[in-house]
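**Q** I'd like to ask you about the structure that follows.
The values are calculated or read from the model by the stated rules, or taken from the named source; none is laboratory data. What you are looking at is a predicted structure, and each value in this text was computed from that prediction instead of being measured. Please note: Cβ atoms are built from the backbone with ideal geometry, for glycine as well, and neighbour counts cover all protein chains shown.
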Amino acid sequence: MTSLLSGWGRTAPTAATLVEAGASDVPALLRQAIARGVIARGLGRSYGDAAQNAGGTVLAPLTGPTTVARAADGTPLVTVAAGTSLHDLMATLLAQRLFVPVTPGTRYVTVGGAIAADIHGKNNHRDGSFGDQLVSLDLVTADGRLRTVGPESDPALFWATVGGMGLTGVITAATLRALPVESAYVAVDTERVPGINELVDRMRAGDDAYHYSVAWIDTLARGRSLGRAVLTRADHATADQLRGPAARDPWAAPRGPRIAVPFTPPGLVTRPTVRAFNEVWFRKAPRHRVGELQSIAAYFHPLDAVDDWNRLYGRRGMVQYQLVVPDDAESAVTEALRVLADAGRPSFLAVLKRFGPGNPGLLSFPMRGWTLALDLPASPALGPMFRTLDALVLEAGGRLYLAKDSRLSPETFDAMYEQADDFRKLRRDLDPAGVFQSDLGRRLQL
Amino acid sequence: MLNALGEPQSLLLLGGTSDIALAVAARYAESGPLRVVLAARPGPRRTEAVTRLSALGAVVEALDFEATDTASHPALVEQAASGGDLDVVLVAFGVLGDEEQAWQDHDAAVRLAQVNYVGPVSVGTALAAQVRRQGHGVIVFLSSVAGERVRRSNFAYGASKAGADGFYLGLGEALREHGGHVLVVRPGFVHTKMTEGRDAAPLSVGPDEVAEAVVAGVADRKELVWVPAALRVVMSGLRHVPRPLFRRLPL
């Protein structure tokens, strides 16, 4: 069936044949692959063109069972099919008093997608990214072989696949470390921070004491208020911290979306509406509050409550820009916020967080430093501003996140990812006929 | 691939020495690395166009193109695509001809219809096959307001544009489900070498304004735009003017 597919940003749709198959059908499917190749797609939450394959085949999520076992040292290990969403995985794990080791800002991503994008969460500063929590993954490569690959058994293929955007093969299942928790709640400390310099200082000084940390920045604030933010940091709530409804039902798993955006409204995300929203949001945040109990959904995935929220950006869709710069390059973050504020582009809250050291993933995004993510309504007029930001990021020795990218050129990408050619070489050896292809792969000449 | 901001990595210009085609290429070359396939008649004009676009940083390849040699069109499109997907294709060839000769001289009338109507249908069909193969691609057809309501003063030209305009609007509908996007651009009077020496009509524009409308229309996935935009309203009015009155208008 030919389908028009786009990413979460709803930009640049292309047509592909969408195929539903079981894990055991994958080798046969790869043998039949036509000239334009195959890419696996999860829940389509990459913002750009990572899970699209114009004129080729796109493989729908592979479902299967989830099982929990204990390692020799007692660590809980969960083995899960690649097409399982983190939403479903969390429900399974919470029933066994466990939690996922890394969760992004949405539960609606698959395990396969989480590995392919090497996603990170608010605990990156202490636990690393999704790939760092993997014991092994099952991968069907271009030759149709199913291989179980781990960081010790085949480090080259493992670290090419972690962050490899699905271009090394089809991930069918994975085993990862789960985190024992005492409830489905987190205890959150919230503080309003008046500007970017104070924010950087407080995060640098205090983040290590918390399991999770994230700052939400008002990108329309300028001058002395540039980078004013609400900093929220949290730890998993212990059993004796629970009060009220949390005490009565300590293991309530996150529910599905409560409201939906049923159609695409025009012209909602404009400067006045975003300014008003950001102002209200900043004012209503407590100046300083300690130990507030929040559900997993409320703290980690606030936008998941609204189904299809990406439609709010209208027909043109949206672009997310997520950068990381090294720890000592926080001035690049300040400069990026200034470029954005000066351009007057309406961006809802930007997200700032600290990354821990990166991993050996050839195309993995995190590196020790600062990551800033911005959502903007797509517009051709954004081109020059993004190129200014690209130059700023490059100058600082940073890079952009491929799961969010929808516009980089191969030249800029290569300057940001110094192991890009190693990745290309591995692909040439592993997949000489080019069975695995995607629009992102074509755009970046991977 | 076309990126999220509507910036292409490759561009095929059919009628690649036209002022509008070159203005479009120049704009796209500003936004990043660009491969341009310039399909036009060989000659000094094409050589100059290659030099100009190369100077803007584009990687340019020239191919021989003759609008009336329809049998060669499918192979030409395949050759243009041999270096990679075609992200944006601009169908920018056409002749204006002598308006009175164009309905009194049999050869001139047939030639005008072949260049302005049969040629676009021929390349449009070949391009459609390429769009379906690659699962994406934007085709921009340079039409004219002259085709929107055909008038006495240049009806042979207007009728040929009207036919091709309708073909490309329909092609856009047909290619939607295959990932394709067709943009029909209806400029009014454009100051180019094609209109050199003629009296400008009201609301006339330059090639840069048409290029700007093309770039914006591609990014917004529009299907039909007028240049300048005000012509949409003007033409909407003119379409409904009764024939006896329309005849008397100084158009």
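**Q** Restricting region A:2-23 to residues that are touching a strand residue (DSSP E or B) at 6+ places or on another chain (Cβ under 9 Å) and over 23 Å from A:Tyr47 (Cα atoms), which is farthest from the other protein chains (Cβ to nearest Cβ)?
**A** Narrowing region A:2-23 to residues touching a strand residue (DSSP E or B) at 6+ places or on another chain (Cβ under 9 Å): A:2-6, A:8-11, A:13-21, A:23.
Applying the additional criterion that residues be over 23 Å from A:Tyr47 (Cα atoms) yields A:21, A:23.
On the way: A:Ala21: 20, A:Ala23: 26 Å.
Out of the qualifying residues, it is A:Ala23.
**Q** Could I ask something else about it? Go through (1) within 12 Å of chain B (Cβ to nearest Cβ); (2) in contact with a strand residue (DSSP E or B) (Cβ under 9 Å, 6 or more places away or on another chain) one by one and return the number of the condition A:Ala35 breaks.
**A** So the condition that A:Ala35 fails would be (2).
**Q** Additional query: Give me a count of the residues in region B:31-51 that are in contact with a strand residue (DSSP E or B) (Cβ under 9 Å, 6 or more places away or on another chain) and either within 14 Å of chain A (Cβ to nearest Cβ) or outside any strand (DSSP E or B) (or both).
**A** Initially, region B:31-51 is screened for residues in contact with a strand residue (DSSP E or B) (Cβ under 9 Å, 6 or more places away or on another chain), giving B:33-42, B:46-47, B:49-51.
Of the ones still in play, those that are also either within 14 Å of chain A (Cβ to nearest Cβ) or outside any strand (DSSP E or B) (or both) are B:33-35, B:41-42, B:46-47, B:49-51.
So the answer is 10.
**Q** Hey, among A:Asp118, A:Asp88, A:Asp132, which residue is charged (D, E, K, R) and free of Cβ contacts under 8 Å to residues at least 40 places away in the same chain? Steps first, please.
**A** Details: A:Asp118 fails: free of Cβ contacts under 8 Å to residues at least 40 places away in the same chain; A:Asp132 fails: free of Cβ contacts under 8 Å to residues at least 40 places away in the same chain.
Of A:Asp118, A:Asp88, A:Asp132, the one residue that is charged (D, E, K, R) and free of Cβ contacts under 8 Å to residues at least 40 places away in the same chain is A:Asp88.
**Q** Within region B:79-98, which residues are farther than 18 Å from A:Gly441 by Cα and touching a Leu at 6+ places or on another chain (Cβ under 8 Å)?
**A** Of everything in region B:79-98, those that are farther than 18 Å from A:Gly441 by Cα and touching a Leu at 6+ places or on another chain (Cβ under 8 Å) turn out to be B:Gln79, B:Ala80, B:Val88, B:Val89, B:Leu90, B:Val91, B:Ala92, B:Phe93, B:Gly94, B:Val95, B:Gly97.
Per-residue answers, yes or no, for (1) touching a Lys or Arg at 6+ places or on another chain (Cβ under 7 Å); (2) surrounded by fewer than 20 Cβ atoms within 10 Å (Cβ to Cβ); (3) within 30 Å of A:Ala12 (Cβ to Cβ):
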| site | (1), (2), (3) |
| --- | --- |
| B:Asp105 | no, yes, no |
| B:Arg111 | no, yes, no |
| B:Val118 | no, yes, no |
| B:Gly137 | no, no, yes |
| B:Arg151 | no, yes, no |
| B:Ala164 | no, no, yes |
| B:Leu183 | yes, no, yes |
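**Q** Taking the residues in region B:183-203 that are assigned to a strand (DSSP E or B) and away from chain A (no Cβ under 14 Å) as candidates, determine which candidate is nearest to B:Gln130 (Cα to Cα). Break it down stepwise before answering.
**A** The initial filter retains those residues of region B:183-203 that are assigned to a strand (DSSP E or B), namely B:183-187, B:190.
Next cut, away from chain A (no Cβ under 14 Å) only: B:184-187, B:190.
On the way: B:Val184: 18, B:Val185: 21, B:Arg186: 24, B:Pro187: 27, B:Val190: 30 Å.
Ranking the candidates gives B:Val184 first.
**Q** Mind telling me which of the residues A:Asp25, A:Asp49 ends up being of a type in the set (D, E, K, R) and closer than 22 Å to A:Tyr313 by Cβ?
**A** Details: A:Asp25 fails: closer than 22 Å to A:Tyr313 by Cβ.
Exactly one residue qualifies, and that residue is A:Asp49.
**Q** More than 12 Å from chain B (Cβ to nearest Cβ) and closer than 30 Å to B:Arg176 by Cβ, is that true of A:Leu29? Walk me through it before giving the result.
**A** Values: more than 12 Å from chain B (Cβ to nearest Cβ): yes; closer than 30 Å to B:Arg176 by Cβ: yes.
For A:Leu29, the condition - more than 12 Å from chain B (Cβ to nearest Cβ) and closer than 30 Å to B:Arg176 by Cβ - is met.
**Q** Checking the structure you have, find out if any residue of region A:401-408 is surrounded by fewer than 20 Cβ atoms within 10 Å (Cβ to Cβ) and either basic (Lys, Arg) or assigned by TED's automatic domain parsing to the domain that holds A:Ala142 (or both).
**A** No.
**Q** When you scan region A:43-52, do you find a residue that is crowded, with 21+ Cβ neighbours inside 10 Å, of a type in the set (A, V, I, L, M, F, W, C), within 14 Å of another protein chain (Cβ to nearest Cβ) and over 17 Å from the mean Cα position of the chain (by Cα), even just one?
**A** Within region A:43-52, none of the residues are crowded, with 21+ Cβ neighbours inside 10 Å, of a type in the set (A, V, I, L, M, F, W, C), within 14 Å of another protein chain (Cβ to nearest Cβ) and over 17 Å from the mean Cα position of the chain (by Cα).
**Q** Quick check: is even one residue across region B:79-87 within 26 Å of A:Gly383 (Cβ to Cβ), away from chain A (no Cβ under 14 Å), within 19 Å of the chain's Cα centre (by Cα) and of a type in the set (A, V, I, L, M)?
**A** Let us first name the residues in region B:79-87 that are within 26 Å of A:Gly383 (Cβ to Cβ), namely B:80-81, B:83-87.
Narrowing further to those that are away from chain A (no Cβ under 14 Å): B:80.
After this cut, where a residue has to be within 19 Å of the chain's Cα centre (by Cα) as well, the list is B:80.
Next, only the ones that are of a type in the set (A, V, I, L, M) stay: B:80.
Checked region B:79-87: at least one residue is within 26 Å of A:Gly383 (Cβ to Cβ), away from chain A (no Cβ under 14 Å), within 19 Å of the chain's Cα centre (by Cα) and of a type in the set (A, V, I, L, M).
**Q** For region B:19-48, enumerate the residues that are surrounded by 24 or more Cβ atoms within 10 Å (Cβ to Cβ) and among the small types (Gly, Ala, Ser).
**A** Of everything in region B:19-48, those that are surrounded by 24 or more Cβ atoms within 10 Å (Cβ to Cβ) and among the small types (Gly, Ala, Ser) turn out to be B:Ala21, B:Ala25, B:Ala39, B:Ala40.
**Q** Please verify whether A:Asp235 is at pLDDT 95 or above, acidic (Asp, Glu) and in a strand (DSSP E or B), treating the condition exactly as stated. Give the steps one after another, and end with the answer.
**A** On the way: at pLDDT 95 or above: yes; acidic (Asp, Glu): yes; in a strand (DSSP E or B): yes.
Yes; evaluated as a whole, the condition is true for this residue.
**Q** Restricting to region B:1-30, what's the tally of residues that are in contact (Cβ under 8 Å) with a residue 40 or more places away in the chain, more than 12 Å from chain A (Cβ to nearest Cβ) and part of a loop (DSSP other than H, G, I, E, B)?
**A** 3
**Q** Checking the condition away from every other protein chain (no Cβ under 14 Å) and either more than 28 Å from A:Val109 (Cβ to Cβ) or touching a Pro at 6+ places or on another chain (Cβ under 8 Å) (or both), which residue from A:Val393, A:Val339 passes?
**A** On the way: A:Val393 fails: either more than 28 Å from A:Val109 (Cβ to Cβ) or touching a Pro at 6+ places or on another chain (Cβ under 8 Å) (or both).
Among A:Val393, A:Val339, only A:Val339 is away from every other protein chain (no Cβ under 14 Å) and either more than 28 Å from A:Val109 (Cβ to Cβ) or touching a Pro at 6+ places or on another chain (Cβ under 8 Å) (or both).
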